[in-house]
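K.L.:
Got a structure here, written out as structure tokens. Questions coming.
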């Protein structure tokens, strides 16, 4: 037999089942039956005897005579006098702890309590101690709750503790739960109950190792007498709510301590039986939904509803973005848990003694109380992006000549055409245009200062948007029987002036491209994930054929799973790098419309509701608004959640499309925008969802065109290192300039659509 097999066999023979015992055994030797059992126990192999009864009696005597200074001989004589003729081994009680096979000789209950709590006086008077000994406290959840329960026992501010938790001890728990390695695999309730029994064997501890649920909640609260106080530290959000409903029904006060910033929550249902659960913070939550939550990621939004997203610590909020990326669950520290146990016990004692009657939420934030005073790292101020260009003055100075055609576009048709043009897409939905109607012409101006945005190097996103708007304008004009004559970049000294449009009648073009024209008002960004379902070849072929409509344009589609997977990885990595950059993060925060009210007011940007994301991801984005969190994520080399958002959108794509042009001039980008709009309109007309995923192109434009201005040195290195993989993934061709990347899929119609600014904000009539 191999030595390793022999060792395995020996180990297997030594293993035993995990004991669930947590109640000590008492032996009083002045009782014959107990004495017999005691002798039998002493005869058992392995029992460890620990007898300090004489020292304990001496302690009791000194406590009862605080003004007397005993000599060692006098104290010894006093001990003999105290026990009289009782044999020393019969005095007090012997306590056996079967889980450790230790046999201890201690004072019996009344004297034990007297001496064990002697150092509490007079912070707790003997009368208060006796009053507290009749109290019953229930503790649900034994991570933070372990520290709470043990502190309650040490201070002895109750006579009975009911402990509930269904979980077993794991090695990861030992960063905050004080117990030994030998307890791994043991139910948390038994571990805590044993620790309490080893501190005070006379405390009555009742364990609920299956946790709290509908069937045993009544017993937890009422069996053997109603609880005087509930301390709730559960990870189960349904139990957090349901246990409070029960406590309120029974008029039992509730305490909760969140180790983050040592938040203490007090709900005095005994004094305010109509009080809203958790101060009204969860009135909107559905308990049935809470019961269905399984993963930590699913629980995060509800936890923040309960704890308050605005009051959570910076590190906790940043850590939540790393859950299921670099960590499995939210972090807790022994220092915070230990402090929470002490504070909760203190508040519990004062509630039970009627010394504190308030409800509310309190913070004992050590970092704030004892720490360097730091400036508030809150959300960055909104970036001013609109130019103050006086388009009216510029137009008047252009000295436009008389129209070469007899047709004069009237103001009503001009408004109709501009309205259609403004339905074009734009980066971040910032709508960079300003239109002027004058003497039968339309003028298009750049009203958006994209240069100072992370993705706006050389105004490339705006140029693409202008191309898309020109495509819409041309289509709408043709529907009105008008031929469009466009002069692009007409005045080199007027960079804000993008194009001048003149019109002539041409009724023959009315019926051309009718499907594309009718799609103008239907076109939208569909961020719903959908499925990686094959798109019919004819649809992709028709979309690719659009490249022929503008000389030099190129459209390519990627549909193979392996290729799409690699594109998802690479684009996700670039997006992560973008959002971890201070400038990129600032723009992202300012691009999103975080509330429906903000969206309705500004009518630009990206409505958060249009993103097909989970509740946890939604909360994560809201949390990530704080630049202090981005700083931490950079320090931790984290940010995987940002990559995940882009990656999963491409993971669900049926195809990734790439638009390219032969050069990188303004005209190339504007023509790319025209091609983009043509493809987008036709895709939507075919029932295909369309979403831009182009930010990586503009990140690299900042790196190369703007010499990396606004990118950290670490970011530059990372982007350069990723570039070869980026080029391979998208199979970029020499001599071609990538203009735009988009995803296609089959997905449900979005319920929310991006808004547009009112016409009177973007159109000036002279």
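Just so it is clear, none of the values below were taken in a lab; they were calculated from the coordinates. Just so we're clear, the structure is a prediction, and the values are computed from it rather than from any experiment. Quick reminder, even Gly has a Cβ in these numbers, built from the backbone with ideal geometry, and neighbours come from all protein chains shown.
K.L.:
What value, in deg cm²/dmol to 500, does the helix sum -39500 (n - 2.57) over DSSP H runs of n ≥ 4 give at 222 nm once divided by the residues of the chain? Before the final figure, lay out the partial values.
P.N.:
Values: 30 runs with 322 residues, N = 766.
Value at 222 nm, helices only, nearest 500: -12500 deg cm²/dmol.
K.L.:
Related question: If packing is taken as the mean number of other Cβ atoms within 10 Å per residue, what is the order of 78-84, 19-25, highest first?
P.N.:
Top of the packing list down: 19-25, 78-84.
K.L.:
Looking at segment 18-116 only, what percent of DSSP beta bridges run antiparallel? Nearest 5 please.
P.N.:
Working: 8 of 12 bridges.
The antiparallel fraction comes to roughly 65 percent.
K.L.:
If we sort 752-758, 320-326 on the protection proxy, mean other Cβ atoms within 10 Å, highest first, what's the order? Please report the intermediate quantities before stating the final value.
P.N.:
On the way: 752-758: 15.7, 320-326: 20.3.
The packing order, highest mean first, is 320-326, 752-758.
K.L.:
Can I get the semi-axes of segment 471-569's equivalent ellipsoid? Compute them from the C-alpha gyration tensor as square roots of 5 times the eigenvalues, in angstrom, largest first.
P.N.:
Working: eigenvalues 223, 79, 38 Å².
Semi-axis lengths for segment 471-569 are 33, 20, 14 Å.
K.L.:
Can you give me the relative contact order of segment 18-116 as a percent, contacts being Cα pairs under 8 Å and 6 or more apart? Provide the component values of the computation, followed by the final result.
P.N.:
Values: 105 pairs, mean separation 40.6, N = 99.
Relative contact order for segment 18-116 comes out at 41 percent.
K.L.:
Continuing with this model, one more query. Would you mind checking the tilt of helix 188-199 against the longest principal axis of the Cα atoms of the chain, expressed as 0 to 90 degrees and rounded to 10?
P.N.:
Computed tilt is about 40 degrees.
K.L.:
Just subtract the alpha-carbon distance of residue 298 and residue 118 from 0.36 nm times their residue separation and send over the number in nm, one decimal. Let's see the in-between values first.
P.N.:
Details: separation 180, 0.36 × 180 = 64.80 nm, distance 4.78 nm.
Result for the pair: 60.0 nm of gain on full extension.
K.L.:
So, one more: For a protection proxy built on the mean count of beta-carbon atoms within 10 angstrom, sort 487-495, 311-319 highest first, please.
P.N.:
On the way: 487-495: 12.4, 311-319: 19.7.
Result, highest mean first: 311-319, 487-495.
K.L.:
Once you order the gyration tensor axes a ≥ b ≥ c over the Cα atoms, which shape class does segment 159-309 get: rounded for a/c under 1.5, otherwise prolate or oblate by comparing a/b with b/c? Numbers along the way, then the final one.
P.N.:
Details: a/c = 1.78, a/b = 1.23, b/c = 1.44.
Here segment 159-309 falls in the oblate category.
K.L.:
If R₀ is 51 angstrom, what is the calculated FRET efficiency for the pair residue 416 and residue 324, using the beta carbon separation as r and rounding to 0.05? Mind dumping the intermediate values first?
P.N.:
Details: r = 50 Å, r/R0 = 0.98.
Here the calculated transfer efficiency is 0.50.
K.L.:
A further question follows. Pull up the DSSP beta bridges for the chain and report the antiparallel fraction as a percent, rounded to 5. Don't skip to the end; give the middle numbers.
P.N.:
Working: 54 of 80 bridges.
About 70 percent, rounded to the nearest 5.
K.L.:
Could you please rank 143, 67, 654, placing first whichever residue has the fewest other Cβ atoms within 10 Å of its Cβ?
P.N.:
67, 143, 654
K.L.:
Arranged by the count of other C-beta atoms within 10 angstrom, fewest first, what order do 284, 213, 105 take?
P.N.:
Details: 284 7, 213 15, 105 20.
If I rank by nearby Cβ atoms, fewest first, I get 284, 213, 105.
K.L.:
Hey, another quick one. For segment 588-629, what does the relative contact order come out to in percent, with C-alpha contacts under 8 Å and a separation of six or more?
P.N.:
Values: 22 pairs, mean separation 14.0, N = 42.
Averaging sequence separation for qualifying contacts and normalising by length gives 33 percent for segment 588-629.
K.L.:
Using just the Cα positions, wrap the chain in a convex hull and report its mean projected area in square nanometres, one decimal place.
P.N.:
Working: hull surface 189.2 nm².
Averaged projected hull area, Cα only: 47.3 nm².
K.L.:
Tell me whether segment 603-643 comes out rounded, prolate or oblate; compute the Cα gyration tensor, take square roots of the eigenvalues as a ≥ b ≥ c, and use a/c under 1.5 as the rounded threshold.
P.N.:
Details: a/c = 2.64, a/b = 1.77, b/c = 1.49.
The shape class here is prolate.
K.L.:
Antiparallel as a % of all DSSP beta bridges within segment 124-370, to the nearest 5? Let's see the in-between values first.
P.N.:
Numbers: 10 of 27 bridges.
So the antiparallel bridges in segment 124-370 amount to around 35 percent.
K.L.:
Does segment 435-529 classify as rounded, prolate or oblate by the C-alpha gyration tensor (a ≥ b ≥ c root eigenvalues; a/c under 1.5 gives rounded; else a/b over b/c gives prolate, otherwise oblate)?
P.N.:
On the way: a/c = 3.02, a/b = 1.21, b/c = 2.49.
Verdict is oblate for segment 435-529.
K.L.:
Arrange 405, 559 by Cβ neighbour counts within 10 Å, fewest through most, would you?
P.N.:
Ordered from fewest to most neighbouring Cβ atoms within 10 Å, 405, 559 come out as 405, 559.
K.L.:
With axes computed from alpha carbons, what is the tilt in degrees of helix 561-580 against the longest principal axis of the chain, rounded to the nearest 10 within 0 to 90?
P.N.:
80 degrees
K.L.:
What is the Cα centroid distance between segment 579-637 and segment 420-495, reported in whole angstrom?
P.N.:
Result: 27 Å between the Cα centres.
K.L.:
Turning to a different aspect of this structure: Quick check: the distance between the Cα centres of segment 705-766 and segment 155-201, to the nearest angstrom?
P.N.:
54 Å
K.L.:
Same structure again: Which angle between 0 and 90 degrees, to the nearest 10, do you get for helix 582-591 versus the longest principal axis of the chain when only C-alpha atoms count?
P.N.:
80 degrees
K.L.:
Using only the alpha carbons of segment 59-185, determine the length spanned along each of the three principal axes and report them from longest to shortest in whole angstroms.
P.N.:
Computed over the Cα atoms, the extents are 52, 34, 24 Å.
K.L.:
Which whole-number percent of Cα pairs in segment 537-750 have a distance greater than 30 Å? Write out the running numbers ahead of the final one.
P.N.:
On the way: 5466 of 22791 pairs.
Roughly 24 percent, once rounded to a whole number.
K.L.:
Turning to a different aspect of this structure: Using Cα pairs under 8 angstrom and six or more residues apart, how large is the relative contact order of the chain, in percent? Kindly include the intermediate steps, with their values, before the conclusion.
P.N.:
Values: 1270 pairs, mean separation 89.5, N = 766.
It comes to 12 percent, rounded to a whole number.
K.L.:
Shifting gears a bit: What nm value, rounded to one decimal, do you get for the distance between residue 272 and residue 89 when each label is placed 7 Å out toward the C-beta?
P.N.:
Rounded to a tenth, the inter-label distance reads 6.0 nm.
K.L.:
Here's a follow-up. Sticking with the crude label model, points 7 Å out along Cα→Cβ, report the distance from residue 77 to residue 631 in nm, one decimal please.
P.N.:
7.1 nm
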